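J.: Below are the structure tokens for one structure; questions will follow.
The values are calculated or read from the model by the stated rules, or taken from the named source; none is laboratory data. As the structure is a prediction and not an experimental result, all values here were calculated from the model. For neighbour counting, all protein chains shown are included, and Cβ atoms are generated from backbone atoms with ideal geometry for every residue, glycine included. These area figures cover heavy atoms from the full protein model, side chains too; ligands, DNA and RNA do not enter into them. Shrake-Rupley method; radii C 1.70, N 1.55, O 1.52, S 1.80 Å.
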Amino acid sequence: MLQAIIKELEIQKQYLHGAEIQTIYFGGGTPSLLSADEINKIFDFISGNYTISNLQEFTLEANPDDLDIKYLKTLKSTPVNRLSIGIQSFKESDLQYMHRAHNAQEADYAIKAAQDSGFTNLTIDLIYGTPGLEDADWKKNLSKIQELQIPHFSAYALTVEEGTALHHSIKKKASKPVDAEQQAAQFEILTDAATIMDYEQYEISNFAKPGMYAIHNTNYWKGVPYIGIGPSAHSFDGKNRRWNIANNALYIKALLTDNILNFEEEQLSTTQHVNEYIMTSLRTMWGCDLNKINNTWGADFAKNIKENSNKYIHQNKIKMEGDILILTNPGKLFADNIACELFVE
């Protein structure tokens with residue numbers, strides 16, 4: 001797999017037309033299985049073939065059960081300067097419900113061990129809306145963020161993906177299904193707690209202390225081109241979107257035996273560009289800029305979107321600041337639905 005990844009990096013090096021790389025993100029799968037030497041090997045190839053003089057952020061996703069002091073100390077010898085730790089919950093029964101490999105004690109230990117090893121730029125993931133997660137327990141989870149002085153966190157409502165162990169368990173009635181009303185109530189608890197703890201909700205699911213926004217995520221929401229490496233990874237060059245084959249064995253064979261990258265690609269239409277911008281921008285604190293839409297894609301698009309937004313402004317789900325549409329807190333509960341209603345045909 002490592003050989004294939006390096007081969008793809010070689011094949012793809014002109015994809016971004018020599019643009020400077022601001023961020024590197026090792027995510028998806030379990031990159032914390034990589035040794036420091038393996039991380040350095042990939043990074044050395046990137047630095048030798050891409051422009052990284054302006055590299056600001058190198059994030060590694062990690063499972064809590066992978067993060068012991070020994071491994072963390074070796075990580076400090078790599079260019080990784082930010083860790084994204086998949087905590088999910090500090091409550092034992094939650095972790096068991098979600099079939100997580102780590103326990104609550106390991107979740108707590110992983111954060112403290114990372115900080116003791118010199119990693120101060122941390123983010124964690126939390127899940128709410130799991131059956132059995134009482135509001136009081138959710139508040140305790142959130143209070144741990146402040147207690148552990150974590151500068152950034154992401155919080156997501158539990159979604160049950162088809163084909164997963166959890167989906168199978170719910171289907172067999174061995175596990176309780178999710179409750180949409182409970183999730184909505186816990187989202188409101190989340191936003192209130194974040195404000196009290198001085199975290200900015202700069203994107204619907206992402207919260208940061210002032211100045212600690214994730215650069216990588218922010219660039220994505222602002223439509224900055226990016227390159228994705230590995231099985232099922234997606235790339236975007238500003239005009240076209242492509243995605244690699246998801247099968248590991250076929251991905252490796254294509255690169256190492258056939259010397260080709262196995263991917264599919266689509267050229268985005270103007271309408272798709274506008275709708276993607278609506279979907280991503282509306283999720284952020286910076287909002288959907290009608291002036292940008294007017295200047296980039298045309299006045300008709302901007303006019304259409306503004307007209308469609310009026311009912312949500314009257315419902316206090318969107319506020320208008322100049323030419324920018326921004327979701328209110330009540331509106332954030334309906335973000336995807338509102339975005340779809342604003343899409344242009």
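J.: Would you mind finding the one in 305, 326, 338 that is out of contact with any helix residue (DSSP H, G or I) (no Cβ under 9 Å at 6 or more places or on another chain), surrounded by 15 or more Cβ atoms within 10 Å (Cβ to Cβ) and of a type outside the set (Gly, Ala, Ser)? Show your work before the answer.
T.: On the way: 305 fails: out of contact with any helix residue (DSSP H, G or I) (no Cβ under 9 Å at 6 or more places or on another chain); 338 fails: out of contact with any helix residue (DSSP H, G or I) (no Cβ under 9 Å at 6 or more places or on another chain).
Result of the check over 305, 326, 338: 326.
J.: In the list 89, 77, which residue meets the criterion of being crowded, with 20+ Cβ neighbours inside 10 Å and either of a type in the set (Asp, Glu) or over 23 Å from residue 220 (Cβ atoms) (or both)?
T.: 89
J.: Since residue 333 meets every condition but one in (1) modelled with pLDDT of 95 or more; (2) open to solvent by 60 Å² or more (accessible area, probe 1.4 Å), which condition does it not meet?
T.: (1)
J.: Turning to a different aspect of this structure: Given the criterion at pLDDT 95 or above, within 17 Å of the chain's Cα centre (by Cα) and of a type outside the set (A, V, I, L, M), identify the matching residue among 263, 207, 187.
T.: Working: 263 fails: within 17 Å of the chain's Cα centre (by Cα); 187 fails: within 17 Å of the chain's Cα centre (by Cα).
One residue alone meets the criteria, 207.
J.: How many of the residues making up region 187-215 are touching an Asp or Glu at 6+ places or on another chain (Cβ under 9 Å) and assigned to a helix (DSSP H, G or I)?
T.: Counting residues in region 187-215 that are touching an Asp or Glu at 6+ places or on another chain (Cβ under 9 Å) and assigned to a helix (DSSP H, G or I) gives 3.
J.: Tell me which of these residue 184 doesn't satisfy, since it passes every other one: (1) open to solvent by less than 40 Å² (accessible area, probe 1.4 Å); (2) in a loop (DSSP other than H, G, I, E, B).
T.: Among (1) open to solvent by less than 40 Å² (accessible area, probe 1.4 Å); (2) in a loop (DSSP other than H, G, I, E, B), residue 184 violates only (2).
J.: Something else about it: What about residue 133, is it under 27 Å from residue 26 (Cα atoms), surrounded by 14 or more Cβ atoms within 10 Å (Cβ to Cβ), of a type outside the set (Gly, Ala, Ser) and touching a helix residue (DSSP H, G or I) at 6+ places or on another chain (Cβ under 7 Å)? Talk me through it step by step, then tell me what you get.
T.: Values: under 27 Å from residue 26 (Cα atoms): no; surrounded by 14 or more Cβ atoms within 10 Å (Cβ to Cβ): yes; of a type outside the set (Gly, Ala, Ser): yes; touching a helix residue (DSSP H, G or I) at 6+ places or on another chain (Cβ under 7 Å): yes.
Taking the combined requirement at face value, the residue does not satisfy it.
J.: Next question, about the same structure. Name the residue that is least open to solvent (accessible area, probe 1.4 Å), counting only residues in region 216-264 that are assigned to a helix (DSSP H, G or I) and closer than 18 Å to residue 46 by Cβ. Spell out how you get there, then give the answer.
T.: Looking only at region 216-264, we keep the residues that are assigned to a helix (DSSP H, G or I), and these are 216-221, 248-256.
From what's left, closer than 18 Å to residue 46 by Cβ: 216, 219, 255.
Working: 216: 58, 219: 31, 255: 4 Å².
Of everything passing the filter in region 216-264, 255 is least open to solvent (accessible area, probe 1.4 Å).
J.: Any idea which residue in region 6-55 is surrounded by the most Cβ atoms within 10 Å (Cβ to Cβ), counting only those that are of a type in the set (Lys, Arg) and part of a helix (DSSP H, G or I)? Let's see the steps before the verdict.
T.: Initial filter on region 6-55 (of a type in the set (Lys, Arg)): 7, 13, 41.
Those still in the list that are part of a helix (DSSP H, G or I) too: 7, 41.
Numbers: 7: 19, 41: 16.
Applying the filter and picking the extreme gives 7.
J.: Additional query: Could you grab the pairs with beta carbons closer than 7 Å, sequence gap of 6+ or different chains, first residue in region 180-205 and under 13 Å from residue 329 (Cβ atoms), second one in a helix (DSSP H, G or I) and among the aromatic types (Phe, Trp, Tyr)?
T.: Cβ pairs passing all conditions: 189/138.
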